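In what follows, a single structure is set out as structure tokens and then discussed.
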Amino acid sequence: MSFSEQDKRFFIKICKETLKAYLLNETIPAYTRVKSIYKEKYGVFIKLIKDNKIRGYGGVLHPDKDIIEELQRTCINVALYEPRFKPVISSELPFIDFILYIIKEKPSEVELDKIEENFSNKCIIITNGRIEIVFFPEDIFESLGDFIERIIDTYNLEEYSIFTAEFERIDSKEYG
């Protein structure tokens, strides 16, 4: 299932309007007249970019709300509450680009040697049952095996499983 151009523009619009409304008066816009597809649950990750640098990044792999609510909640959390970044302020909004990653399928477990080096439409999830570390192809700047080994060492994962899931990338530079 692929989202239409209209859907992608709408998802970017939701993020921009939600962040602006929340920063200016702590409200969240309501979207009541929407397509049925927008009432479905999808994992959502959002990367905020300003001056070609990551300004916020995070998401939810296992959604409990529909895609609109997940986009809104994730956008606010990434912009204001992600501890790795300073909170976004309203004067920054015109300079922030949004990259959305919509997880389109339930993650499936894979063996490390079965992951193809060319996995451009799949994210990788490494988990030990307590934490889940999610990465997208553009986050990886070395061989996939070296990258996964470094993550396992960094997080001191003695036991772990690896999953992949197909996603769709939506960039505000193209759709916003």
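A compact table of results
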quantity: Filtered residue count, the stretch 58-81, keeping only those that are of a type in the set (Ser, Thr, Tyr) and under 12 Å from the mean Cα position of the chain (by Cα); calculated: 1
quantity: Set Leu93, Leu80: member being surrounded by 15 or more Cβ atoms within 10 Å (Cβ to Cβ), part of a helix (DSSP H, G or I) and touching a Leu at 6+ places or on another chain (Cβ under 7 Å); calculated: Leu93
quantity: Residues that are in a loop (DSSP other than H, G, I, E, B) and without any contact (Cβ under 8 Å) to a residue 24 or more places away in the chain, drawn from the stretch 19-28; calculated: Glu26, Thr27
quantity: Selection within the stretch 29-72 - in a helix (DSSP H, G or I) and of a type in the set (Gly, Ala, Ser); calculated: Ser36
quantity: Sole exception among (1) within 11 Å of Val44 (Cβ to Cβ); (2) of a type outside the set (Ser, Thr, Tyr); (3) without any contact (Cβ under 8 Å) to a residue 40 or more places away in the chain; (4) surrounded by 16 or more Cβ atoms within 10 Å (Cβ to Cβ) for Cys75, by number; calculated: (3)
quantity: Tabulated pairs, the stretch 85-100, first outside the structural domain of Phe135 (by TED's automatic domain parsing), second exposed (fewer than 11 other Cβ atoms within 10 Å of the Cβ), C-beta under 8 angstrom, 6+ apart or interchain; calculated: Ser90/Leu24; Phe95/Asp51; Asp97/Lys173
quantity: Some residue of the stretch 5-27 being in contact with a Lys or Arg (Cβ under 9 Å, 6 or more places away or on another chain) and farther than 16 Å from Gly176 by Cα; calculated: no
quantity: Answer from Ile102, Ile12 - the residue that is assigned to a helix (DSSP H, G or I), among the hydrophobic types (A, V, I, L, M, F, W, C) and within 30 Å of Phe147 (Cβ to Cβ); calculated: Ile12
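One line per residue, one yes/no per condition, for (1) among the small types (Gly, Ala, Ser); (2) crowded, with 16+ Cβ neighbours inside 10 Å; (3) without any contact (Cβ under 8 Å) to a residue 40 or more places away in the chain; (4) in a loop (DSSP other than H, G, I, E, B):
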residue: Lys106; (1), (2), (3), (4): no, no, no, yes
residue: Phe119; (1), (2), (3), (4): no, yes, no, yes
residue: Arg130; (1), (2), (3), (4): no, no, yes, yes
residue: Val134; (1), (2), (3), (4): no, yes, no, no
residue: Glu142; (1), (2), (3), (4): no, no, yes, yes
residue: Asp153; (1), (2), (3), (4): no, no, yes, no
residue: Glu159; (1), (2), (3), (4): no, no, yes, yes
residue: Phe163; (1), (2), (3), (4): no, yes, no, no
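The values are calculated or read from the model by the stated rules, or taken from the named source; none is laboratory data. In this text, all values refer to a predicted model and were calculated from it rather than measured experimentally. FYI the Cβ positions are ideal-geometry reconstructions off the backbone, even for glycines, and counts take in every protein chain you see.
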